[in-house]
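So the structure is just underneath, and the comments pick up after that.
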There are 2 protein chains.
Amino acid sequence: MTNKPFSIDLTMPGVLLSHHDNHIRRTLTSMKGQFFDQAAYQVMLEREDSLLYEVYEIHRPEISGELLSGFSIVHPGKVGSEYFMTKGHFHSVLETAEIYYTLQGRGSMVMETPEGDWAVEELCKDRILYVPPRWAHRSINTGSEDLVMFFVYPGNAGHDYGTIERQGFRKLVVETDGQPQIIDNPRWTAPGDR
Amino acid sequence: MTNKPFSIDLTMPGVLLSHHDNHIRRTLTSMKGQFFDQAAYQVMLEREDSLLYEVYEIHRPEISGELLSGFSIVHPGKVGSEYFMTKGHFHSVLETAEIYYTLQGRGSMVMETPEGDWAVEELCKDRILYVPPRWAHRSINTGSEDLVMFFVYPGNAGHDYGTIERQGFRKLVVETDGQPQIIDNPRWTAPGDR
């Protein structure tokens, strides 16, 4: 890892980075228990362990003052009526923000705080989303092409995936009459009920 | 200032933000003493106090864990043979990084550390530039259209403009035979000579 300034080119469309340090590929199996319609999930998984999303990370020291960045690509598709989405996470250091710049596609960012606030913001090209400290976040592709975003967060933030894996998000985004709709998550588990 | 997630749209070209908290306009007068060719600077200033660059800031609390972001637009032009550029600065908290995403135009980022390292990285559309902690940075428009960049840095970074105002950068970017060229700054003042 260099300590000199460096540049990285993004080649659109297709989204090829001239450099990345890590490429994460998340398939259906890595999202076990996260989709609402478990029957549809099982049928789909038996056919193919489909690729849901990818993340290209640019590594830096994981300390305060540094910035971690990269690209996420959520592919189009649905499990039952629920759109393909990322695992979603809190930051381990709760008091850290994140910024997303959407480069391509359409989607939703579903967010919530430990205190019970929730928000869903629409994602589209050339829109910046600010996720304040304390807000868990999950990106969802509600469109028909790849949802591509550039993200930046503080080097010391860390990831807490476990909380969302256990309790889910309070809200889901599903397709109803061909349109994205925000619904309550019937499988949501209050932290006290775990 | 909200503590809920929020979105901001960028309308290209022309670069209109759907929301910003502060709009900074830097003209020739604010760059007194920074351009190499002082005679050309004076002639130009007597004609018009030209607009060199603009910054649209999105405000957040200036604390660790938060992210400050916005857009900078460096207009095309030259003072003598030296391209229009930003004031340039160190972060007050030296151990803080910055990320630039170039959306339009062509340019150079001139950078240096207090220890004497220097670097010049080329800026072009869809290129990400990582400025590590400790590196002062100045963006320069070497092209014929606006240089537009989205930037993100840690909330607690702060700005130290004074050091660069006193000593300048070690390197300049000037036009030679129609091409950008990196040269030593003959007016550069070593910190000990201030």
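Below, the figures for the structure above:
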item	result
Test: residue in region B:123-141 that is in a strand (DSSP E or B), surrounded by 17 or more Cβ atoms within 10 Å (Cβ to Cβ) and touching a helix residue (DSSP H, G or I) at 6+ places or on another chain (Cβ under 8 Å)	yes
Residue count for region B:121-154, restricted to those that are at pLDDT 95 or above, within 12 Å of another protein chain (Cβ to nearest Cβ) and touching a Lys or Arg at 6+ places or on another chain (Cβ under 6 Å)	0
Region A:68-81 - residue that is under 14 Å from the mean Cα position of the chain (by Cα) and of a type outside the set (Gly, Ala, Ser) and, of those, nearest to the other protein chains (Cβ to nearest Cβ)	A:71
Identity of the residue in region A:146-194, in a helix (DSSP H, G or I) and in contact (Cβ under 8 Å) with a residue 40 or more places away in the chain, that ends up farthest from residue A:58 (Cα to Cα)	A:191
Those residues of region A:40-67 which are in a loop (DSSP other than H, G, I, E, B), touching a Ser or Thr at 6+ places or on another chain (Cβ under 7 Å) and either more than 14 Å from chain B (Cβ to nearest Cβ) or over 14 Å from residue A:3 (Cα atoms) (or both), in sequence order	A:49, A:50, A:64
Residue within region A:154-175 that is among the acidic types (Asp, Glu), under 27 Å from residue B:99 (Cβ atoms) and surrounded by fewer than 20 Cβ atoms within 10 Å (Cβ to Cβ) present	yes
Candidate set from region B:80-96 (those that are assigned to a strand (DSSP E or B) and not aliphatic (A, V, I, L, M)); member that is surrounded by the most Cβ atoms within 10 Å (Cβ to Cβ)	B:83
Residue B:104 vs. criteria over 14 Å from the mean Cα position of the chain (by Cα), more than 10 Å from every other protein chain (Cβ to nearest Cβ) and closer than 27 Å to residue A:57 by Cβ	yes
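The values are calculated or read from the model by the stated rules, or taken from the named source; none is laboratory data. On a predicted model such as this, the values are computed, not experimentally measured, just so you know. We place every Cβ from the backbone using ideal geometry, glycine too, and count neighbours over all the protein chains shown.
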